[in-house]
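Before any comments, here is the structure.
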Amino acid sequence: MNKQQLVENIMAKTNLSKSASEKFINAFVETVTDALAEGDKVQLVGFGTFETRERAAREARNPQTGGTLHVDARIAPAFKPGKALKDAVNA
């Protein structure tokens with residue numbers, strides 16, 4: 001499902017206009033992004049948790065040349081699904 005299909009599904013389930021549905025999705029994505037950038041996590045009970053995780057610096061190998069290169073430490077976004085979502089997917 002792409003963003004446009006998501007907008008259409010939200011339209012159908014909420015009776016909102018297309019522009020209102022798209023504004024809702026954009027606001028949700030922006031809010032989650034801002035929270036993660038500030039180091040917070042976003043928990044939606046039953047759905048899951050958006051959070052950040054620290055990745056340590058490491059050495060990687062270039063598959064074309066076989067040489068090694070350094071990958072800096074970074075903070076990566078992550079999603080941990082909730083029990084209700086896991087159960088719905090595996091039903």
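The table that follows gives values for the structure above.
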{"quantity": "Residues within segment 44-91 that are without any contact (Cβ under 8 Å) to a residue 12 or more places away in the chain and within 30 Å of Phe28 (Cα to Cα), tallied", "calculated": "6"}
{"quantity": "Helices (runs of 4 or more DSSP H) enclosed by the chain - at least 1 residues per element that are on the phi < 0 side of the Ramachandran plot, touching a helix residue (DSSP H, G or I) at 6+ places or on another chain (Cβ under 8 Å) and surrounded by 12 or more Cβ atoms within 10 Å (Cβ to Cβ)", "calculated": "3-14, 18-37"}
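Every number in this text was worked out from the coordinates using simple rules, so none of it is lab data. Computed from a predicted model, the values in this text were never measured in an experiment. No Cβ is skipped: glycine too gets one built from the backbone with ideal geometry, and neighbour counts run over all protein chains shown.
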